[in-house]
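Student: Take a look at this one; I'll ask things after.
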Amino acid sequence: MSEPHEHRRRPDLPFRRIALVLSGGGALGAYEVGVLRVLEEAGIRPTILAGVSVGAINAVLWLAHDFHTAPVERVWSVLMDFAAYPSWNPFIRSLSGGTTPGSRLTVTIEPVGGKAMSFSPQVIVCERDKELRWKGRVLLPGVFDGEHHFRLARYDDASTTFEHGEDFTGILVPFVMRGSMKAGTEAGFVAMNHALKDRVEARRS
């Protein structure tokens, strides 16, 4: 008895199941990433996935990322496309301005369950494909300061580690960053991180 058509990963292919075996061998790992990207573009998801050495690492990472590759350059390009933020970012609702250290940005954030707030922080670091960091404050220095950062690290050719956070300092921090404000801000970070993942994968080439 033949299996239902929908069990196939690609209905237009004659195979009921596809197995992919990735071998070990140093530089072969980079070539394998290219193969995975071709399969991704073709919409092919193997039913059986196995690997040895670097091939096993590539297999696990590909599976863990739902059969998507996300090189660091693609993640960076999404983060730096400020004009598109309103269309996908649930936390940083808008972002504009220059990225040269010393430049001023205009940032509007909206914590989950809270009201939108706008700031004009100063860019501290902008290193392509690695880090964007800015610092803003309320009133005078030392009252309520926030240093926000995006940091990227190339895990391998197929995946990127994204670190997103903010360090708050100042005498008002214990009174402001608590209760619903703290919870809403933390939830906003999480929501943006998930939305970024979806955005990057949607723009895969």
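The values are calculated or read from the model by the stated rules, or taken from the named source; none is laboratory data. Because the structure is predicted, anything quoted here is derived from the model rather than measured. Counting neighbours? That spans all protein chains shown, and the Cβs are built from the backbone with ideal geometry, glycine included. To get the accessible areas, we keep the full protein, side chains included, count just its heavy atoms, and leave off ligands, DNA and RNA. Shrake-Rupley method; radii C 1.70, N 1.55, O 1.52, S 1.80 Å.
Student: Inspect segment 51-70 for any residue being at pLDDT below 70, open to solvent by 40 Å² or more (accessible area, probe 1.4 Å) and at positive phi and give the result as yes or no. Step through it out loud before you land on a result.
Tutor: From segment 51-70, those at pLDDT below 70 are 54, 57-58, 60-70; that's our starting set.
Of the ones still in play, those that are also open to solvent by 40 Å² or more (accessible area, probe 1.4 Å) are 57, 60, 63-66.
Narrowing the set further to residues that are at positive phi leaves 66.
For segment 51-70, residues at pLDDT below 70, open to solvent by 40 Å² or more (accessible area, probe 1.4 Å) and at positive phi: present.
Student: Still on this model: Out of 110, 166, report the one residue that is in contact (Cβ under 8 Å) with a residue 24 or more places away in the chain and on the phi < 0 side of the Ramachandran plot.
Tutor: 110
Student: While we're on this one: Considering only residues that are among the hydroxyl-bearing types (Ser, Thr, Tyr) and within 30 Å of residue 55 (Cα to Cα), look in segment 139-195 and name the one that is surrounded by the fewest Cβ atoms within 10 Å (Cβ to Cβ).
Tutor: 161
Student: Please pick out the residue among 135, 115 that is open to solvent by 60 Å² or more (accessible area, probe 1.4 Å), over 16 Å from the mean Cα position of the chain (by Cα), modelled with pLDDT of 95 or more and not aromatic (Phe, Trp, Tyr).
Tutor: 135
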